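Scroll down for the structure; my scribbles are underneath it.
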Amino acid sequence: MPTDFALNCSVALVDTPPRQRAARAQELGFGAVEFWWPFATQSPEHSEVDEFVENVMRADVETVLLNFPGGAAAVGDRGLLCVPGREDDFVASARAALDIGRRLSVQFYNPMAGNTVTEWTPQSREFETAVRNLVAIDSMLADAGATIVLEPLSGFPHAALTTYDDTRVLVRTARAAGAQNVAMLFDLYHLAVNGDPVLDPWAADIAIIGHVQIADAPGRGWPGTGDLPLGAWVQKLRDAGYAGRIGLECAGEPGTAAAAVADVARSRAPSARPRAR
């Protein structure tokens, strides 16, 4: 069973009923998984939580990453970390995710930064709100032995975090303010689609990277379906000292875990930026 990779069940297994996804990942040969927030509401019933946790434990897979509930998507919420006036909601979302994650020994949590209507700078209200929120929940993370990972996104025009540099600055500022359990979610798909210069020439600071996710582009498919040299980039991360798992946040069910890992290894050829999202 491949040990370096984790299957993102929320993206790869959309055709599998939600409560069967951990078992399906195990059937495909994966020993580790990731989940977006796995409930339809921000505050699921205790019975729903118990069912989810029991299904994951029964599948005997490691849950590497869990997303926080991101607010109400129907009204445009894309996370609450940086949203002024929603600090209590953010802390509540952290508690909800950590209550589940403790039962599954989750190592990484992705809160999604949220939207911003002003320019994102270290002086902006949104940036300062994000730093305060990260400091506010740091003791909860320390108690759980876990880390928040902040992810630059593509495809959302008002997303607060879209670049490597903006995310790096937020991580470093939060650490300096006392939030020691914070790092970057280094998603090669989002960075490549955004044309982030950190990838060419390679300039990633391994000291701020907590977790890595990949998918090919265009299309967010499996390695080899697009133009990205994912295998080469993964090797650069390994050579630099990244020893964690690689999250496979790819659309569509893979054939097997072994086949997916082989596809990563083969996708090493240099390529142009992706043609489309």
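The values are calculated or read from the model by the stated rules, or taken from the named source; none is laboratory data. This is a predicted model, so every value here is computed, not measured. We place every Cβ from the backbone using ideal geometry, glycine too, and count neighbours over all the protein chains shown.
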Could you tell me how many of the residues in region 216-238 are under 17 Å from the mean Cα position of the chain (by Cα) and of a type in the set (F, W, Y)? 1
Going residue by residue through region 170-179, is there one that turns out to be among the aliphatic types (A, V, I, L, M) and either free of Cβ contacts under 8 Å to residues at least 12 places away in the same chain or surrounded by fewer than 19 Cβ atoms within 10 Å (Cβ to Cβ) (or both)? yes
Residues that are part of a helix (DSSP H, G or I) and either in contact with an Asp or Glu (Cβ under 9 Å, 6 or more places away or on another chain) or not acidic (D, E) (or both), drawn from region 99-112: I100, G101, R102, R103, L104
Restricting the search to region 244-259, which residues are at pLDDT 95 or above and either buried (at least 21 other Cβ atoms within 10 Å of the Cβ) or closer than 25 Å to D165 by Cβ (or both)? G244, R245, I246, G247, L248, E249, C250
For region 121-137 the number of residues that are in contact (Cβ under 8 Å) with a residue 24 or more places away in the chain and surrounded by fewer than 20 Cβ atoms within 10 Å (Cβ to Cβ) is 5
Test A203 against the stated conditions and say whether it is surrounded by 15 or more Cβ atoms within 10 Å (Cβ to Cβ) and among the small types (G, A, S). no
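So that you can scan it fast, the table gives a plain yes or no per residue for (1) among the polar types (S, T, N, Q); (2) surrounded by 23 or more Cβ atoms within 10 Å (Cβ to Cβ); (3) at pLDDT 95 or above:
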{"residue": "H190", "(1), (2), (3)": "no, yes, yes"}
{"residue": "Q213", "(1), (2), (3)": "yes, yes, yes"}
{"residue": "A217", "(1), (2), (3)": "no, yes, yes"}
{"residue": "P223", "(1), (2), (3)": "no, yes, no"}
Please find, within region 72-85, the residue that is farthest from the chain's Cα centre (by Cα) out of those that are modelled with pLDDT of 95 or more and more than 14 Å from W120 (Cβ to Cβ). G85
Which listed residue, of V49, V83, V33, V91, is under 15 Å from L13 (Cβ atoms) and among the aliphatic types (A, V, I, L, M): V33
Taking H211 as meeting all but one of (1) on the phi > 0 side of the Ramachandran plot; (2) in contact (Cβ under 8 Å) with a residue 60 or more places away in the chain, write down the number of the exception. (1)
For D227, are the conditions met, namely being in contact (Cβ under 8 Å) with a residue 40 or more places away in the chain and either surrounded by 18 or more Cβ atoms within 10 Å (Cβ to Cβ) or out of contact with any strand residue (DSSP E or B) (no Cβ under 7 Å at 6 or more places or on another chain) (or both)? yes
Sole miss for V135 among (1) out of contact with any Asp or Glu (no Cβ under 7 Å at 6 or more places or on another chain); (2) farther than 18 Å from R175 by Cβ is condition (2)
Unmet requirement for G195, which otherwise passes all of (1) buried (at least 21 other Cβ atoms within 10 Å of the Cβ); (2) more than 25 Å from T129 (Cα to Cα): (1)
Filter region 50-98 for residues that are charged (D, E, K, R) and part of a helix (DSSP H, G or I) and give the result. D50, E51, E54, R58, E87, D88, D89, R95
Out of the residues in region 20-50 meeting the condition of being among the charged types (D, E, K, R) and either out of contact with any helix residue (DSSP H, G or I) (no Cβ under 6 Å at 6 or more places or on another chain) or at pLDDT below 95 (or both), tell me which one is surrounded by the most Cβ atoms within 10 Å (Cβ to Cβ). E34
In contact with a Phe, Trp or Tyr (Cβ under 9 Å, 6 or more places away or on another chain), within 29 Å of A32 (Cα to Cα) and in contact (Cβ under 8 Å) with a residue 24 or more places away in the chain: does that describe S93? yes
